[in-house]
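The values are calculated or read from the model by the stated rules, or taken from the named source; none is laboratory data. Since this is a predicted model, take the numbers as computed values, not measurements. Positions of Cβ are generated from backbone atoms using ideal geometry, with glycine treated the same way; all protein chains shown enter the neighbour counts.
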Amino acid sequence: MFKYKKFNFIFIFVFLTFIPMIFKGYIVFILPQYILFGVLAMSLAFIWGNAGILSFGQASFFAIGGYTFGLLIKFFPEINHFFLGSLIVIFLGFVVAVITSYFLFSAGVKATYFVLATLALSILTEQLAVTKSTLTGGWNGLFVDRINIKVGDFTLLDLSGDVKFFYLILFISLITYLILNYLENNKIGKVLRGIRENENRMLAMGYKTSFYKTVAFGVSGSVAALAGALYAAHASFISPSIAGVLFSTEVVVWVAIGGRYSLLGAFAGGIIVSFLSSYLSTITPQYWQLFLGIIFIVTIIFFKDGLAGIFKKRYERNNIK
Amino acid sequence: MEVRVKKNKKNKSIVNKKISRRDAIKSIGYLAIGALASPALIRSAHAANPIKVGVISPLSGAWTVYGKAHIAGFELAVDEINAKGGVLGRKMELVIGDSKTEPRIVVEQANRLIRNEKVDFLAGTFSSAERNAAGPVVKALDKVLLYPTFYEGQEKEYYPGVCNKNIFMFGPEPTQQVWPHMEYMMNKFGKKFFMIGSDYAWPRVTNMVTKRKLKELGGSVVGEVYIPFGTPQYESVLRDIRNAKPDIIFHSLTGSDTVNFRQQFAAAGMKEDFALWTVDDEEVVTTGLGPKVSGNDYVSFDYFMSIKHPNNAKFLKNFRKKFGQDALMNTVGVAMYNAAHMAALAIEKAGKLDTASLRENLKGISFNDAPQGPVTMRKDDNQIIVPSYLMQVNPSWTNVGNMFNEVQSFQKVVPLAARCSLPL
Amino acid sequence: MEFIGISIDVLLITSTLALAAFGLAIVYGLIGVINMGHGAMLTLGAYLTWYFISLNIPFFLCIIFSGIGVALVGIALEHFIIRKFYDRPFDTLLLTWAFFLITTEVIKIIFGTDFKNIEAPIAGAFEVFGVNIPAYRFLVCLFTIFLITISNIIFLKTDLGIKIRALIQNKEVAGLMGLDINLTYKAVFGFGSFMAGIAGGLIAPMLSIDPYMGNIYLVRSFFVVIVGGVGHLLSGTVIGSFLIGGTETLFAIFSDQVVSQASVFLLAIVLLRLRPNGIMNKKDV
């Protein structure tokens, strides 16, 4: 189809790589957080674009990752936070996602109802974060110390500076993208898309659809949790609102605008829309949500495939001789 | 990038460069970066070297209701300061950040204001969660934050949101807001407290501190309930209250929950049977309640629009001139007003502006024109010493002017020392 | 005595929840629109009621006018946007969420962000078996019962109702038999919005009126409709409200508020799994 389809992602990641070299200060600080939102968006696009499973619960995995990571740093200062902590977070995200989705998919719960269950999951996670306040700090939030990447006693990477953390997060995002892309282009991706098109046919062909959906949701949960852990480490602070319905819905907005059928589109959508919200709210604190709502509606009606879809069409038009 | 050569009607060649995806992404990228940088560029083109203050306020999101008074207080003070020629000959200028009532946005805004807008210090954030989110930022980037809201006091475990040498508290904590009035309330109504609050740190710690004094005075707690945000119905709580038979309902709900609860409390006819003492519901909330629901209830803060201090008359006159006759002001807005003036005084005293000298000179500084009466910033723990007023809501109030009647007041209430390693 | 008190509480909570959810039960239950803007419609109803009251119009009329106002907004939404997306439920979900964002902002711009309040038209409480019941709450409860019963009669017994049910069963056949599909959908959506507006207005005296007030009922309403059973207007809504609202009250007796609220959502997820089509539906439809 596209000549450069396999290598599109290089452009975006190279572009991002150059940012700290050209700019200093605030952008280098804030961009990693937006990049992590991009990763969170990818976690949603993975299941929404491929399997047609919409989730309003990505924020809860993000929060689970963030809080787990923060609590590990707080209560277990001896362990190797970066490697072991990340593994624990990924595992926990996977497990929670699998338990929730298996519970529902195995009973044949319809996709539309699943959406509402994920909404409830967000609310539950937020309530949990608030009520276990002796552990999590409740609404006052949890402080997360900046850590270094250590192997044994040897410091591999000192993360107290912005630039190093920036590249670390960029690198991890790249790896995550490549993994998700690989999964998409292989068997599991194809099965998921088959399920999206016609689940009954896939069942008739002998595929255990609930298994595939559950695994996909598990992958999505672990990616979201990892993004959350890195976010907590970077922002040095996490609070229950990051688990809630409002943030979960923002993720959906990012992916809808970026392009639900494209991992890169979702990634870019997460970065661009969160940047846009932040920027709009500084120039017009009263009306920015109005503009965002309008952009959102316009996107859903006219640009169903999001930004990625717009680029795809332009590129295709250019290439037709 | 493809370059195509077309021939138009006159057979002249037109070079038609098609925009490829790469170029589109690049141009959006440049636009975006330019947009990010532009406020700084635009501002630096302006007049000579103002003192920039980053104000973080909840202008959207769940607590938009409080945002207006919050920022208005600071704006009024800055106007007054600039009218007198500014500070050290420089005008003060606000750079506003909307917190959207989200702590994670506060992290963003605090960083943006300090790194991008290069403000000299920060003022605001509203809830304790927002202040805590700003804590690590002002610690790492070494900028002062002036925090206005009544809060739960400083405990070491919440460092760096509290016990942070860069954060100055301009609102009262429970030993100032609650303790002075407990004896009066208990003598008048009885010793049994039923505590109802929203489920987060401020109500919980406030209740904990209140219980300490309650025990001292021989009182008791017959019920303690914490309500999650966004609870619409209070039937079960009302029943618990009736069963517990308290003398005083000690109330620390916030946001829309406080209105929901008090409306339903009044509708159930329970106002006749129990006294209600709130430490959260100031002018903004009480206006939303109406006189029937709020009448005769007790409120305690360091400031009310209704207080009869000469400073207040002058303050309200200026405030209404700028914001209109119906504008609302409350303890938080006044704390912002005081914070601005006290910062200006501190900078003048220091003769220069940098974080260390601002910090040193804020400690111990007094502001005699504060609307509620003279206030002083305590040296050791960055806590302000303010008056404490106990007011009763007028059952037939019609506007903020006649909303509260003073029951008793103390001009200077010295709070307990902060539970941090002092001095800060 | 305690039991009576609890029962009355459960009754009041159930009826309030049923009232709030009813508009959604119509729109989601009958024509399958996942209306994430339902909370915004409740909020809009409350604000419109506040506005009409400030013009000194009698309370009851204010409610009707608010209902009409929200119905008009709903019909406009349906006509210009939702109409094209009936077969894409996820897109209606997103579009109605965008509707919520925009409506909330418009409300903030027009009405400002201060807390507003409406006094209950009937003040005071009366005692029944030693239990205090707020008069207004009780009235709303009676009205809700009346409302749901009437709506049920319309849908089950009248011509119009039969047409609508036919439409839901089989769109093509209904169309072939001469039913104007577009008009019917529009009418149902409008009626659901009307109900949401009325609910918002009636609930307003019990709550603070702020731009986000309706959203408290959004997720709860969805669970009421799903748990009760999509399509069963009367029984589903009532049973769903009882399960969601009632259990929350009952849990709150034994534990604290947060645990009870969390438990209800957990319960809803469990019920969703056990009866994917709702309590009232025995088999997959």
Problem set entry | Failed item, numbered, when A:Tyr26 is tested on (1) surrounded by fewer than 20 Cβ atoms within 10 Å (Cβ to Cβ); (2) over 19 Å from the mean Cα position of the chain (by Cα) | (1)
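Every residue, every condition in (1) farther than 23 Å from A:Phe13 by Cα; (2) out of contact with any strand residue (DSSP E or B) (no Cβ under 8 Å at 6 or more places or on another chain), yes or no:
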| residue | (1), (2) |
| --- | --- |
| A:Ala256 | no, yes |
| A:Arg260 | no, yes |
| A:Leu263 | no, yes |
| A:Gly270 | no, yes |
| A:Phe275 | no, yes |
| A:Thr282 | yes, no |
| A:Tyr287 | yes, yes |
| A:Gly306 | no, yes |
| A:Phe311 | no, yes |
Exercise. Quick check, is C:Tyr136 more than 14 Å from chain B (Cβ to nearest Cβ) and on the phi < 0 side of the Ramachandran plot?
Worked result: no
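Can you name every residue in the stretch B:320-338 that is of a type in the set (Phe, Trp, Tyr) and crowded, with 24+ Cβ neighbours inside 10 Å? Give the steps one after another, and end with the answer.
Step one: filter the stretch B:320-338 for residues of a type in the set (Phe, Trp, Tyr), giving B:323, B:337.
B:Tyr337, the sole residue that qualifies.
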Exercise. Out of the residues in the stretch A:157-196 that are over 27 Å from A:Gly218 (Cα atoms) and without any contact (Cβ under 8 Å) to a residue 40 or more places away in the chain, which is farthest from the other protein chains (Cβ to nearest Cβ)?
Worked result: A:Leu157
Exercise. What's the number of the condition A:Val39 fails, among (1) surrounded by fewer than 21 Cβ atoms within 10 Å (Cβ to Cβ); (2) under 16 Å from the mean Cα position of the chain (by Cα)?
Worked result: (1)
Exercise. If you check C:Ala166 against the conditions, is it within 28 Å of C:Ser15 (Cβ to Cβ) and more than 20 Å from the chain's Cα centre (by Cα)?
Worked result: no
Problem set entry | Unmet criterion (only one of (1) within 19 Å of B:Tyr159 (Cβ to Cβ); (2) at pLDDT 90 or above) for B:Val414 | (1)
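Considering only the stretch A:203-321, give the helices (runs of 4 or more DSSP H) lying wholly within it that have at least 3 residues that are touching a helix residue (DSSP H, G or I) at 6+ places or on another chain (Cβ under 7 Å) and more than 11 Å from every other protein chain (Cβ to nearest Cβ). First the steps, then the outcome.
Values: elements: A:209-235, A:245-258, A:263-283, A:288-302, A:306-319.
Correct list: A:209-235, A:245-258, A:263-283.
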Exercise. Just to be sure, is A:Ser274 touching a residue at least 40 places away in the same chain (Cβ under 8 Å), under 24 Å from C:Met36 (Cβ atoms) and among the small types (Gly, Ala, Ser)?
Worked result: yes
For this session: Could you grab me the full set of residues in the stretch C:118-133 that are within 7 Å of another protein chain (Cβ to nearest Cβ) and crowded, with 21+ Cβ neighbours inside 10 Å?
Result: C:Ala120
For this session: Scan the stretch C:205-215 for residues that are assigned to a helix (DSSP H, G or I) and closer than 16 Å to C:Thr103 by Cβ and jot them down.
Result: C:Met213, C:Gly214, C:Asn215
For this session: Taking A:Ser60 as the residue in question, decide whether it is outside any helix (DSSP H, G or I) and within 19 Å of A:Val251 (Cα to Cα).
Result: no
Exercise. For the stretch B:269-283, which residues satisfy the criterion of being buried (at least 22 other Cβ atoms within 10 Å of the Cβ) and within 11 Å of chain C (Cβ to nearest Cβ)?
Worked result: B:Asp281, B:Glu283
For this session: Find all pairs meeting these conditions: Cβ atoms under 7 angstrom apart; at least six residues apart or on different chains; first residue within the stretch B:173-201 and on the phi > 0 side of the Ramachandran plot; second residue among the β-branched types (Val, Ile, Thr) and outside any helix (DSSP H, G or I).
Result: B:Gly190/B:Ile248
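Just to be sure, is C:Lys157 farther than 26 Å from C:Ile102 by Cβ, at pLDDT 80 or above and either touching a strand residue (DSSP E or B) at 6+ places or on another chain (Cβ under 7 Å) or among the charged types (D, E, K, R) (or both)? Walk me through it before giving the result.
Details: farther than 26 Å from C:Ile102 by Cβ: yes; at pLDDT 80 or above: yes; either touching a strand residue (DSSP E or B) at 6+ places or on another chain (Cβ under 7 Å) or among the charged types (D, E, K, R) (or both): yes.
In short, yes.
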Problem set entry | Every residue from the stretch B:368-411 that is surrounded by fewer than 22 Cβ atoms within 10 Å (Cβ to Cβ), outside any loop (DSSP other than H, G, I, E, B) and in contact with a Gly (Cβ under 8 Å, 6 or more places away or on another chain) | B:Thr376, B:Gln411
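Kindly indicate which of A:Val273, A:Val252 is of a type in the set (A, V, I, L, M), under 12 Å from the mean Cα position of the chain (by Cα), at pLDDT 85 or above and farther than 26 Å from A:Leu72 by Cβ. Talk me through it step by step, then tell me what you get.
Details: A:Val273 fails: under 12 Å from the mean Cα position of the chain (by Cα).
When all the criteria are applied, what remains is A:Val252.
Looking only at the stretch B:284-295, which residues are facing chain C (nearest Cβ under 10 Å) and on the phi < 0 side of the Ramachandran plot? Reasoning before the result, please.
Kept after step one, since they are facing chain C (nearest Cβ under 10 Å), are these residues of the stretch B:284-295: B:284-294.
B:Val284, B:Val285, B:Thr286, B:Thr287, B:Gly288, B:Leu289, B:Pro291, B:Lys292, B:Val293, B:Ser294 - these are the residues of the stretch B:284-295 that are facing chain C (nearest Cβ under 10 Å) and on the phi < 0 side of the Ramachandran plot.
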For this session: Return the only residue of C:Thr96, C:Thr149, C:Thr158, C:Thr92 being in contact (Cβ under 8 Å) with a residue 12 or more places away in the chain, away from chain B (no Cβ under 14 Å) and exposed (fewer than 13 other Cβ atoms within 10 Å of the Cβ).
Result: C:Thr149
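Kindly indicate whether C:Leu271 is at pLDDT below 85, surrounded by fewer than 23 Cβ atoms within 10 Å (Cβ to Cβ) and more than 14 Å from chain B (Cβ to nearest Cβ).
Values: at pLDDT below 85: yes; surrounded by fewer than 23 Cβ atoms within 10 Å (Cβ to Cβ): yes; more than 14 Å from chain B (Cβ to nearest Cβ): yes.
Spelling it out, C:Leu271 is indeed at pLDDT below 85, surrounded by fewer than 23 Cβ atoms within 10 Å (Cβ to Cβ) and more than 14 Å from chain B (Cβ to nearest Cβ).
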Exercise. Is the stretch A:92-106 home to any residue that is small (Gly, Ala, Ser), surrounded by fewer than 19 Cβ atoms within 10 Å (Cβ to Cβ) and within 14 Å of another protein chain (Cβ to nearest Cβ)?
Worked result: yes
